[in-house]
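Let me begin by presenting the structure, written as structure tokens, before commenting on it.
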């Protein structure tokens, strides 16, 4: 048995098949050769695949810190095709907060870095030509029956490698 459990293994096999069939799995490997992204969830209409970076996964007691990538599979009006975010989860209390996020013009966190929408909990920082949002966001409840809840459940079941 692997560290994720049988249910998570089945979900990863399904998502890997989805990514391979749609041609995006190979781009994930090409664009992030040093990142250990694994698919952990999709949104409900399967137009976004959510990945976790195993190399940047940390657990301290019931608090998990994980780097996530949200990758849009199809065309959309928003020019932001993907974003990478670091989030913390209090697994014993079903709480989450965003620590940082960065938006990209291309899939799998590649291409031009795009500006984020302003948020009252975040301050804008410009480093060179990239704009990154650094957040000291407050903890918020993970809502049931949402993609956020699916991600919360997946990352709280994971163990550090």
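The values are calculated or read from the model by the stated rules, or taken from the named source; none is laboratory data. Given the structure is predicted, the values throughout are model-derived calculations rather than measurements. Every residue, glycine among them, receives a Cβ derived from its backbone with ideal geometry; neighbour counts consider all protein chains shown.
Pick from the range 98-121 the residues that are assigned to a loop (DSSP other than H, G, I, E, B) and more than 15 Å from residue 138 (Cβ to Cβ): which of them is farthest from the chain's Cα centre (by Cα)?
118
May I ask you to verify whether residue 159 is at pLDDT below 95 and either part of a helix (DSSP H, G or I) or surrounded by fewer than 16 Cβ atoms within 10 Å (Cβ to Cβ) (or both)?
Against the criterion (at pLDDT below 95 and either part of a helix (DSSP H, G or I) or surrounded by fewer than 16 Cβ atoms within 10 Å (Cβ to Cβ) (or both)), residue 159 qualifies.
Restricting to the range 77-97, what's the tally of residues that are part of a loop (DSSP other than H, G, I, E, B) and under 23 Å from residue 143 (Cβ atoms)?
6
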